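Here the structure is laid out as structure tokens; the discussion comes afterwards.
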Amino acid sequence: MKNRVLVTYTSRHGGTAEIAEKVAGKIAEIIHPYGLYADVLPVDRVHSLDAYQAVVLGNAVYAGQWPKEAVTFLETYQSVLNTLPFWIFSSGPTGEGNPVDLIQGWRYPTAQHSLIDQIGPRDLAVFHGDLSIDKLNIGERLIIKVVKAPTGDFRDWDAITRWAATIAETLLSELSGTKDQQLEETQT
Ligand SMILES: Cc1cc2nc3c(=O)[nH]c(=O)nc-3n(C[C@H](O)[C@H](O)[C@H](O)COP(=O)(O)O)c2cc1C
């Protein structure tokens, strides 16, 4: 029985992993009373989507790209993701203000345009990221200094939680619609 929601992610320094945990936690809180469960896993630990009735993919953004294992995940499961409710979020921009404005309207890497178009996710959210300097290696620190990106943890937990709640509520309402329809069909 497909009674699980998968929140899967790519993350180099753990910031996006923590967002994925928060998203999965909020979804679980809302769906659990209805006998549904949420799992959170890095993409390289996902070996099948058979148990899942919905999927959320969260990616860190590096130089305008998602980590390559995110692209591998999308390519591997493209035909299944086409048939499931599927949401994507990215975590990257730092500084105050709307994250999509901070990243100049970017929603996903240009190279994945046709793949994303074919899969058709329900939403492509962009959340602020965590650019805490102590997490970065020397090369990354140099890049951040050159591009003068604001450093610090800018993750907006309220926005993240609201987004996760919307996903859970959408799933529940679609599920109850399906149940009502099945009930009507058995009564006619
Ligand atoms: C070398 C480097 C390049 C980055 N490039 C971008 C970028 O192009 N766009 C962006 O919004 N954020 C960029 N970021 C910020 C990261 O996306 C942000 O720190 C994110 O929260 C990292 O997630 P993680 O902790 O899961 O790896 C970059 C960070 C580093 C260190």
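The values are calculated or read from the model by the stated rules, or taken from the named source; none is laboratory data. Nothing here was measured: the structure is a model prediction, and the numbers come from that model. For neighbour counting, all protein chains shown are included, and Cβ atoms are generated from backbone atoms with ideal geometry for every residue, glycine included. Areas reflect the complete protein model, heavy atoms only, side chains present, ligands, DNA and RNA absent. Shrake-Rupley method; radii C 1.70, N 1.55, O 1.52, S 1.80 Å.
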Nearest-10 value in Å² for the accessible area of Val71, using the 1.4 Å probe
20
Based on the inverse mean of 1/r over its pairs of different Cα atoms, what is the Kirkwood hydrodynamic radius of region 45-188, in Å?
17.3
Does anyone have the angle between helix 138-147 and the longest principal axis of the chain? Alpha-carbon axes, 0 to 90°, nearest 10?
80
How far is it, in nm, from the label point at Thr83 to the one at Lys2 when both lie 7 Å from their Cα along the line to the Cβ?
0.7
What whole-number value in Å² describes the accessible area per residue of region 38-188 for a 1.4 Å probe?
55
Quick check: the distance between the Cα centres of region 1-48 and region 81-142, to the nearest angstrom?
17
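What FRET efficiency comes out for the pair Gln65/Ser176, r = Cβ-Cβ distance, R0 = 35 Å, nearest 0.05?
Values: r = 39 Å, r/R0 = 1.11.
Plugging the Cβ-Cβ distance into 1/(1 + (r/R0)^6) gives 0.35.
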Rounded to the nearest 10 degrees, the helix 157-187 long axis (Cα) sits at an angle to the longest Cα principal axis of the chain of 20
